[in-house]
Structure formats: structure tokens, C-alpha cells
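Enquirer: First, the structure itself, so that you have it in front of you.
The values are calculated or read from the model by the stated rules, or taken from the named source; none is laboratory data. The shown structure was predicted, so the numbers you read here are calculated from the model rather than taken from an experiment. Virtual Cβ from ideal backbone geometry, glycine too; neighbours counted across all protein chains shown.
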Amino acid sequence: MAAPRPLMRAGGARFDSGRLLAIALLAGVALVWSTPLLWMLVASLRPQNFGGLDMASLWPDFTPTLANFAEALESADFARLYLNTILVCAGILAVQLATITLAGYAFARLSFRGREVVFYGFLLQLMLVPPILIVPNLTTITRLGLYDSLLGVMAPYFASAFGVFLMRQTFRTIPRDFEEAAVVDGASWWQLIWRVLVPLARPGMVAFAIVSVVSHWNEFLWPLMVVSSLDNQTLTVGLASFTMGAESASQWGVIAAGTCLVAAPLLLAFGLFQRQFVNSFLFSGVK
Amino acid sequence: MLTKSLKLLGATGLALGVGLGVAQAQTEIEMFFPVPVEGKLAKEMQSLMERFNEAHPEIEATAVYTGSYDETNLKTRAAIKAGRPPAAVIMSANFILEYQLNDEIEPLDPLIEAEGSSADAFMDRFWPALHGNARFADRVWAVPFHNSTPLLYINADHFREVGLDPDNPPATWQDWAAAASKLVKREGGETTRWGLMLPENYDYLGWIMTALTMSNGGLYYNPEYGGEVYYDTPSMLGALTFVHDLAHEFEVMPAAITDGKAVSTAFFAGQTSMVVLSTGSLSFIRENMKDDYRVAFVPRNVRNAVAIGGASLMMPKGLSEEKKQAAWTLMNWLTSPEISGHWSRFTGYFAPNRQAYELPEMKQFIADNPDAKVALDQLQYARSWFATYNTVAVRKALEDQVQAVITGDKQPKEALEAAQENADAQMRPYVEATALKLPASM
């Protein structure tokens with residue numbers, strides 16, 4: 001075919017080559033990051049096959065089948081798992097937003113004795129590795145009568161050091177003028193928070209919400225410790241109950257399909273709200 | 001209680017009056033269970049529980065899935081500390097000792113004697129190799145539930161291809177290394193097929209090293225006392241040097257860490273001709289292996305010997321008398337010949353209860369599956385599984401060093417010295433409280 005060669009002016013070529021290089025680099029990084037996801041998708045649609053070397057291949061060289069999904073779906077009560085996980089994530093987030101907003105406001109705006117000490121004490125919590133708290137937390141949960149309940153899964157996360165820190169920083173970036181104007185108009189402290197600060201701090205809250213939901217959606221160890229009955233299992237625990245086996249080979253297809261099912265809602269949500277998410281992160285400086 | 005009864009009614013569709021009466025008299029118990037092998041094990045366990053509850057209307061047992069062996073250990077310990085002990089736990093057989101040392105589990109002798117039996121008579125129903133991890137310190141602490149030993153799996157097609165007889169698999173380390181050297185395939189500088197692969201992830205590697213040192217005349221640990229392991233010894237040095245040579249001298253095994261899943265996947269894919277895996281993988285391999293395969297004893301250098309693996313049922317302290325009785329009923333039911341045999345056929349583990357093998361369906365199964373018979377035959381050479389104070393850390397002390405030898409970062413002798421030193425440090429608190437606690441000057 002005698003297609004015309006693309007025209008390239010001298011000036012444009014330099015600009016384009018730099019741009020192309022950047023795109024190529026980014027594409028390379030994106031490929032590396034997305035390989036596990038791609039493999040998961042390909043493997044979940046691959047017919048059950050233990051013998052083939054093609055199992056590790058990324059290339060979909062087969063007739064796709066939904067058998068793995070069917071097997072995964074029948075291995076656990078996914079409707080209940082989804083519901084429980086959504087309840088846990090939403091419950092934690094709802095309480096967290098209230099507690100971190102109030103605590104963030106206190107640390108950002110109120111002056112009281114020992115404010116700095118208390119604040120840094122709060123921050124110290126970020127240094128703790130969660131597993132060392134399993135036994136004390138479980139003891140508390142049991143005393144409160146929350147063992148084997150979804151509330152027990154949520155309770156330890158109702159306060160969040162990271163969230164408090166983030167909200168404090170966010171509030172501090174908001175000029176005091178807004179609040180002063182509101183005070184002149186006769187606003188009370190809670191009206192200040194609700195009508196002035198919270199609307200302005202929304203990007204920070206969205207950023208926190210993403211971090212919170214993702215981490216609790218993916219959490220495995222703590223739900224495993226608290227929950228005993230099948231009715232209270234979360235997605236990660238339910239997934240592990242039919243995919244984990246220490247002493248033998250794995251049914252990779254079923255594992256991949258189950259993992260797809262677990263990850264799908266988050267991936268979907270991210271796809272839909274990508275722009276808002278990215279804006280929030282840029283605004284709040286969370287990485 | 002009412003909602004529970006109603007739920008029960010809804011689920012089973014029982015007549016109202018009967019159902020309510022039954023539900024109120026029930027003792028509710030929980031059993032923690034890990035899923036150590038592949039397959040729909042968690043589901044099968046739930047259906048076993050339904051069967052149990054149907055046969056025992058006075059008990060309502062729930063099986064609680066608790067992750068891997070290590071996670072089950074963690075959850076059990078946390079639940080005991082939090083004051084919510086489960087009535088029974090299927091616990092990795094070599095973790096039982098620590099619960100006994102911590103005084104966290106019930107000795108089962110009173111329950112056995114209450115039935116008019118004796119500890120000897122009770123233990124007699126189980127294979128002798130299983131006694132060490134269940135009955136120690138003069139008491140019965142656990143009831144073996146499902147058990148395994150490591151086995152050598154070979155690809156028979158590969159054997160025939162290089163002129164070896166698959167029905168005469170290697171029995172000594174000499175034959176083993178020779179066969180692996182014949183089976184390995186290289187193209188240019190690349191190995192396209194390995195002669196042998198071993199599972200080298202945590203837990204599995206310790207178990208494999210136990211089998212190798214035992215096959216070399218060693219013991220690995222002091223079965224009588226939880227404060228001693230034999231890492232820096234000739235039998236272990238021989239075993240580790242053999243592993244080193246397989247990877248670095250004969251180059252028949254990858255000089256990289258391969259975990260159990262990678263090993264079985266490679267075996268299915270024909271990327272390796274021999275593997276050592278648990279008997280617990282037997283059903284899974286039987287169902288999914290396309291090539292012709294055989295199983296054999298783990299080859300010996302000095303003698304045939306392997307350690308058992310698998311899990312036992314134990315009963316935490318702090319239960320009410322009714323719960324204890326209910327848990328005991330459940331434990332006995334789960335280890336009865338019929339259920340033991342059923343679970344064995346489903347999973348590939350052998351049935352700890354030897355009476356299971358006298359049932360006609362089990363005889364038929366063994367006749368149909370000669371590989372299951374090999375696993376059973378190896379039992380006479382099996383020994384107790386390594387269990388000490390601080391078992392996991394003591395095991396890791398060795399595993400980290402063995403991994404360093406496999407990857408070529410260390411030589412066997414220095415690795416074992418480091419492992420011994422680390423392991424001794426892990427056990428020091430116990431040793432100082434026991435063997436080294438001596439009379440002061442009078």
C-alpha cells in the first residue's frame with residue numbers, strides 16, 4: 001500500500017520524540033503494574049488445565065470458559081460475602097468520618113492544654129503493627145459481647161490515627177476567614193464544622209474514604225480472628241476457604257476467578273469514579 | 001436462642017413443636033478447622049457437620065474455617081486468651097506440645113476412662129507412628145484426625161523415556177541422584193526439565209528436611225524433651241549436603257526456592273520428573289495428573305524413615321462439662337472408622353484409625369488405588385513429627401539456613417552451625433526453666 005508517510009516537521013519531531021518516550025515509559029510501567037491483573041483475567045477464563053505450561057501465559061490462546069466462575073460461585077455464598085463486606089466497609093467508614101472530622105477539628109482549631117502531646121500520641125499509633133494488637137483487641141471485643149459479629153470486625157477501626165492526621169492537615173489549609181464570617185453570622189461550632197469546614201474538606205475525606213474502604217475490603221487476618229460463623233464471613237475469608245491449600249497444587253483458574261469476584265467491585269468503582277479519585281488524591285497530597 | 005431455633009426450623013423444615021424442644025436442649029459447640037489441602041474441603045467439612053448434627057440431636061456443632069495451619073494456631077491462641085475457647089480444634093499435630101506446655105488443653109484421659117476404656121486401648125486404634133504427637137507426658141492430649149507422610153512422586157513416562165524402570169523407582173540416595181541426573185534435560189545453558197524438585201516454603205521445607213535427616217539415621221529433635229533439636233549433627237549435615245549437591249553439584253534441582261504449589265504445578269506440567277510431596281496431595285494428583293505416574297517411599301541413605309504430618313483434634317481448657325462431653329462425642333465421631341475412611345478417600349490423607357482399613361469400601365479403595373497402598377506401607381517407617389518449645393521459630397531457624405544453602409549463599413556446615421545457634425536461643429527460656437534449672441548451693 002502506498003500510504004503517505006506521516007509528515008513530520010523538524011520542530012514537531014523533537015517535541016514528539018520526547019513525548020513518545022514518556023508515553024513508552026509510562027506504558028511500560030503500566031504494563032508491569034497491570035500484569036497480575038491481566039493474568040488473573042486470562043487465567044480465570046482459561047479452561048481447567050493443570051498440565052499445560054500455558055497456564056502461566058498471559059496470552060488468551062483458548063476458548064474462554066466461565067466454568068471457573070461457576071465453580072467459584074458455587075464454592076461460597078457470594079451474595080452474603082458481598083453484603084457482609086459492604087456492611088463492614090460502609091459501617092467503618094461512616095463512623096470514621098464522624099470521629100476523624102471531630103478529632104481533626106479539635107486538633108486543628110481548638111486550643112487546649114496538652115494538644116500537641118495528645119496529637120503526637122495519636123500519631124504514634126501509626127507505628128504499631130496491627131497483628132500485635134490481635135489478642136488485646138479480641139479480648140476487648142469478647143468482653144463487649146461482639147465476638148463473631150460484624151460489629152466486632154468494625155469496632156477497632158472506628159477511630160483512625162491516619163484519618164485524624166489527614167483531617168487536621170486539611171482543616172489547617174482552610175483559611176480562618178470563612179469560619180470568622182460564619183461566627184459573625186451567629187453559627188455554632190457544629191454549624192461551623194458541618195456547613196463550612198466539611199464541604200471544603202471533601203477532597204480530603206474522599207481520599208481517606210478510598211484508603212479506608214480498600215484496606216478493609218482486602219483485610220484478612222482480623223476478620224478471620226473475630227468471625228466464626230459462616231453467616232458473618234467477609235469476602236477475603238470466604239475466598240480463602242476454598243482456594244487455600246498448603247499441601248498441594250492450586251486450582252489456579254478457580255483462584256483467579258474467585259479473586260476477580262472479590263476485586264471486581266473495587267475495580268469497577270475505581271473505573272467509574274477515576275477522575276474524582278485522582279483529583280482528591282492530588283488535592284489532599286495522599287499517595 | 002429463639003431466633004436460633006427459628007433459623008434451625010426454617011433451614012430444616014422440621015415440625016415446630018419438635019424442633020423448638022430439640023433446639024433448646026442442645027449443647028452448642030464450635031470446632032476450628034484449617035484447610036490444608038486443595039479441593040472443596042471446607043464444603044465437605046460443613047456437610048460432615050450436618051451429618052453429625054443429624055445423628056446427635058442433643059448437640060449443635062459448627063465447623064469454623066480458620067485459614068491455614070498457622071492462622072488456625074493464631075486464632076486458637078487468641079480465642080483462648082480472649083476467653084472464648086472453641087470446643088475442639090483440628091490443629092497441626094506438632095503444635096499440640098506447645099499447648100500442653102502452656103497448660104491450655106485438656107488431657108483426654110478422664111474422658112477415655114469415663115467410658116470404661118484405658119489410654120492404651122484408646123491409642124491402640126491409631127497407627128503406632130501417630131502416638132508420639134498425641135500421647136506424651138503421660139497423658140493423651142490429642143486424637144489424630146488426618147495424617148500424611150512425604151512421598152516420592154515420579155513421572156513414569158519420563159522414566160521410560162530415559163530407559164529407567166518406573167516400577168522400580170529409586171530407593172537409595174545413590175539411585176535417586178543417578179536417576180535425577182539421567183532425567184534432567186538441558187538445552188544450551190538452560191534446563192528445560194528438572195530431575196527433582198522439593199517444596200521449599202516454610203513449614204514444608206522443615207518437614208522435608210526431617211524426612212531427609214531421618215532417612216540418614218537422624219532424629220531431628222529429641223522426642224522426649226521439647227528443648228533440644230539436632231541440627232548441627234552428622235545426620236543433618238549429610239542430608240543438607242545432599243540437598244546442596246542436588247542443586248549445585250549434580251545440578252538436577254533448581255538452585256532457587258520453589259514452594260509446594262510451584263512444585264506440584266511443575267510436576268503436572270512435566271517440568272520436573274520427580275517431586276517429594278505430601279500423601280495429602282495424592283487425591284489431587286490422581287485426579288489431575290495427565291502423564292502416567294508412580295509413588296514410592298522417600299529414598300534412604302541409612303534407613304527408611306519419614307516424619308508424619310497432618311493434624312489432630314485437641315480440646316482447649318475452660319469449657320463447661322456439657323461442652324466437654326459434646327466435644328468428646330464429636331472428636332470420637334470424626335475419628336471413627338467410617339468417617340475417618342470417608343475423609344481419607346476424599347482428601348488423600350491416610351486414615352489414622354487403622355480399623356478404617358478393615359471396612360469393605362476402604363479395602364476396595366486400596367485395591368483400586370495402589371498409590372494409596374504405598375503411602376500406607378510407608379507408615380511402618382514413620383516417626384513422630386518434630387515438636388519443641390516455640391516450634392515455629394525453631395523450625396524457621398533451620399529453614400532459613402537451608403534456603404540459603406539452596407540458593408548458594410551458604411555452605412552446609414556453616415549454615416547448620418548458624419541454625420543450631422539460633423534454634424538454641426529460641427528454646428533457651430524453656431531450657432532454663434527445665435533442664436538447666438539446677439539446685440543452688442545448699
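Enquirer: Does B:ALA311 satisfy being within 14 Å of another protein chain (Cβ to nearest Cβ), in contact with a strand residue (DSSP E or B) (Cβ under 7 Å, 6 or more places away or on another chain) and either part of a helix (DSSP H, G or I) or aliphatic (A, V, I, L, M) (or both)?
Expert: For B:ALA311, the condition - within 14 Å of another protein chain (Cβ to nearest Cβ), in contact with a strand residue (DSSP E or B) (Cβ under 7 Å, 6 or more places away or on another chain) and either part of a helix (DSSP H, G or I) or aliphatic (A, V, I, L, M) (or both) - is met.
Here is a yes/no grid of residues against (1) part of a helix (DSSP H, G or I); (2) of a type in the set (D, E, K, R); (3) under 30 Å from A:LEU138 (Cα atoms); (4) at pLDDT 75 or above:
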| site | (1), (2), (3), (4) |
| --- | --- |
| B:GLY19 | yes, no, no, no |
| B:GLU30 | no, yes, yes, yes |
| B:PHE52 | yes, no, yes, yes |
| B:ASN73 | yes, no, yes, yes |
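Enquirer: Another question, then. Report, by residue number, each residue of the range B:75-123 that is surrounded by fewer than 16 Cβ atoms within 10 Å (Cβ to Cβ) and either farther than 15 Å from B:LYS317 by Cα or among the β-branched types (Val, Ile, Thr) (or both).
Expert: Answer for the range B:75-123, where residues must be surrounded by fewer than 16 Cβ atoms within 10 Å (Cβ to Cβ) and either farther than 15 Å from B:LYS317 by Cα or among the β-branched types (Val, Ile, Thr) (or both): B:GLU113, B:ALA114, B:GLU115, B:GLY116, B:SER117, B:SER118, B:ASP120, B:ALA121.
Enquirer: Shifting gears a bit: Looking at B:ALA404, B:ALA397, B:ALA419, B:ALA356, which is the one that is of a type in the set (Gly, Ala, Ser), closer than 22 Å to B:PRO337 by Cβ and either in the same structural domain as B:VAL35 (by TED's automatic domain parsing) or in a helix (DSSP H, G or I) (or both)?
Expert: That would be B:ALA356, the only listed residue that is of a type in the set (Gly, Ala, Ser), closer than 22 Å to B:PRO337 by Cβ and either in the same structural domain as B:VAL35 (by TED's automatic domain parsing) or in a helix (DSSP H, G or I) (or both).
Enquirer: Determine whether B:ALA11 is more than 10 Å from chain A (Cβ to nearest Cβ), modelled with pLDDT under 85, surrounded by 19 or more Cβ atoms within 10 Å (Cβ to Cβ) and in a helix (DSSP H, G or I).
Expert: no
Enquirer: Which condition from (1) away from chain A (no Cβ under 14 Å); (2) β-branched (Val, Ile, Thr); (3) touching a strand residue (DSSP E or B) at 6+ places or on another chain (Cβ under 6 Å); (4) more than 27 Å from B:GLN26 (Cα to Cα) is the one that B:VAL276 breaks?
Expert: Exception for B:VAL276: condition (1).
Enquirer: If you don't mind, another one. Could you say whether any residue in the range B:381-390 is out of contact with any helix residue (DSSP H, G or I) (no Cβ under 7 Å at 6 or more places or on another chain) and over 25 Å from B:ALA256 (Cβ atoms)?
Expert: The answer is yes, given that some residue of the range B:381-390 is out of contact with any helix residue (DSSP H, G or I) (no Cβ under 7 Å at 6 or more places or on another chain) and over 25 Å from B:ALA256 (Cβ atoms).
Enquirer: For the range B:229-263, which residues satisfy the criterion of being crowded, with 18+ Cβ neighbours inside 10 Å and of a type in the set (D, E, K, R)?
Expert: B:LYS261
Enquirer: Filter the range B:317-343 for residues that are more than 15 Å from B:THR27 (Cα to Cα) and part of a loop (DSSP other than H, G, I, E, B) and give the result.
Expert: B:LYS317, B:GLY318, B:THR335, B:SER336
Enquirer: If I ask for residues that are among the aliphatic types (A, V, I, L, M) and part of a strand (DSSP E or B), which ones from the range B:86-102 would you list?
Expert: Within the range B:86-102, B:ALA88, B:VAL89, B:ILE90, B:MET91 qualify.
Enquirer: Could you check, for the range B:138-158, whether at least one of its residues is without any contact (Cβ under 8 Å) to a residue 12 or more places away in the chain and in a helix (DSSP H, G or I)?
Expert: no
Enquirer: May I pose another question? Report yes if some residue within the range A:122-138 is aliphatic (A, V, I, L, M) and over 25 Å from B:GLU71 (Cα atoms); otherwise report no.
Expert: yes
Enquirer: Looking at (1) assigned to a helix (DSSP H, G or I); (2) modelled with pLDDT of 80 or more; (3) not charged (D, E, K, R), which is the one condition that is false for A:MET55?
Expert: (2) is the only condition that A:MET55 fails.
Enquirer: Give B:GLN364, B:GLN355 a once-over and let me know the one that is without any contact (Cβ under 8 Å) to a residue 12 or more places away in the chain and surrounded by fewer than 21 Cβ atoms within 10 Å (Cβ to Cβ).
Expert: B:GLN364
Enquirer: Moving on to the next point. If you go through the range A:210-235, how many residues are without any contact (Cβ under 8 Å) to a residue 60 or more places away in the chain, more than 10 Å from chain B (Cβ to nearest Cβ) and assigned to a helix (DSSP H, G or I)?
Expert: Result for the range A:210-235: 3.
Enquirer: In addition: Which condition does B:GLU287 not pass, out of (1) in contact (Cβ under 8 Å) with a residue 40 or more places away in the chain; (2) not in a loop (DSSP other than H, G, I, E, B), if it passes all the others?
Expert: B:GLU287 satisfies all of (1) in contact (Cβ under 8 Å) with a residue 40 or more places away in the chain; (2) not in a loop (DSSP other than H, G, I, E, B) except (1).
Enquirer: Follow-up question, since we're still on this one. Look through B:ILE90, B:ILE80, B:ILE96 and report the one residue that is away from chain A (no Cβ under 14 Å) and among the aliphatic types (A, V, I, L, M).
Expert: B:ILE96
Enquirer: Here are A:ALA98, A:ALA155, A:ALA106, A:ALA94: which of them is without any contact (Cβ under 8 Å) to a residue 40 or more places away in the chain, buried (at least 16 other Cβ atoms within 10 Å of the Cβ), part of a helix (DSSP H, G or I) and within 24 Å of the chain's Cα centre (by Cα)?
Expert: Selected residue: A:ALA155, the only one of A:ALA98, A:ALA155, A:ALA106, A:ALA94 that is without any contact (Cβ under 8 Å) to a residue 40 or more places away in the chain, buried (at least 16 other Cβ atoms within 10 Å of the Cβ), part of a helix (DSSP H, G or I) and within 24 Å of the chain's Cα centre (by Cα).
Enquirer: B:GLN271 is checked against (1) in contact (Cβ under 8 Å) with a residue 60 or more places away in the chain; (2) at the interface with chain A (Cβ under 10 Å from one of its Cβ atoms); (3) over 18 Å from B:ASN201 (Cβ atoms) and fails just one. What number does that condition carry?
Expert: (3)
Enquirer: Still on this structure: Checking B:PRO199 against (1) under 21 Å from the mean Cα position of the chain (by Cα); (2) more than 14 Å from chain A (Cβ to nearest Cβ): exactly one of these is not met. Which one?
Expert: For B:PRO199, the failing item is (2).
Enquirer: Another question, then. Among the numbered criteria (1) modelled with pLDDT of 95 or more; (2) surrounded by fewer than 21 Cβ atoms within 10 Å (Cβ to Cβ), which one does B:ALA142 miss?
Expert: Of everything listed in (1) modelled with pLDDT of 95 or more; (2) surrounded by fewer than 21 Cβ atoms within 10 Å (Cβ to Cβ), B:ALA142 misses just condition (2).
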